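Just so it is clear, none of the values below were taken in a lab; they were calculated from the coordinates. Only a predicted model underlies this, so the values are computations on that prediction, with no experimental measurement involved. Cβ atoms come from the backbone with ideal geometry, glycine included; neighbour counts cover every protein chain shown.
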Amino acid sequence: MALKSFGRGGSSEGPAGTGVATGSPAPTGPGGLTAFIDQGSEFEGKLSFRDTVRIDGRFRGEISSENNLIVGESGEIEASIRSNTVAISGVVEGDVCAARKVILHKTARVTGNVETPSLVMEDGAVLNGQLKMVTTETRPANAPLKAIDGGTGKPREGGPGPAPHKP
């Protein structure tokens, strides 16, 4: 799903494949943009939502989402954030926990800890805090890794190391 914001110009925001872009009105229906805090607006408290919210204003408190949070370039957030996907182009002070992905665009400035299985960080983005890459994979942390043959996807004979030379 490509998410489109409303009330902004037609420039693209985000690397290919992130599903986040700007330029035309938001889609309606499930997964669409359900709230928009515009530049110049200020809110304080607890914000929880099911679909997608874009913040271009100031917010202080706690944010909890079952879907997507977008922090626009003019967005200033002082909050702990829990969401499925978090795309940041503005300033965030506080911890960010994303179940699926965190996207830091080139104008992002994050001060706080980030916990996510996937991080996309553009050149120029700033992250000051600890990064914890979590995974849903069931492999125990102490289990040995197995080398596989890139061509077949099957385990290589002889275990890890360079591929055996075949004349």
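With each pseudo-label sitting 7 Å past Cα toward Cβ, what's the Asp38-Asn113 distance in nm, one decimal?
Each label point lies 7 Å from its Cα, and together they span 3.8 nm.
Within a 10 angstrom radius of the beta carbon, how do Thr116, Thr52 rank from fewest other beta carbons to most? Display every interim value, and only then the final one.
On the way: Thr116 22, Thr52 26.
Least crowded to most crowded, the residues run Thr116, Thr52.
With θ taken as phi - 60° and the coefficients 6.51, -1.76 and 1.60, list the Karplus ³J(HN,Hα) couplings across the stretch 65-75 in order, rounded to whole Hz; mark glycine and proline as x.
Karplus-based 3J(HN,Hα) across the stretch 65-75 equals 9, 8, 9, 10, 10, 10, 9, x, 4, 8, x Hz.
Which whole-angstrom value gives the distance between the alpha carbon centres of the stretch 70-104 and the stretch 53-68?
Using only Cα atoms, the two centres lie 8 Å from each other.
Arranged by the count of other C-beta atoms within 10 angstrom, fewest first, what order do Ser80, Ser65 take?
Fewest-to-most Cβ neighbours within 10 Å comes out as Ser80, Ser65.
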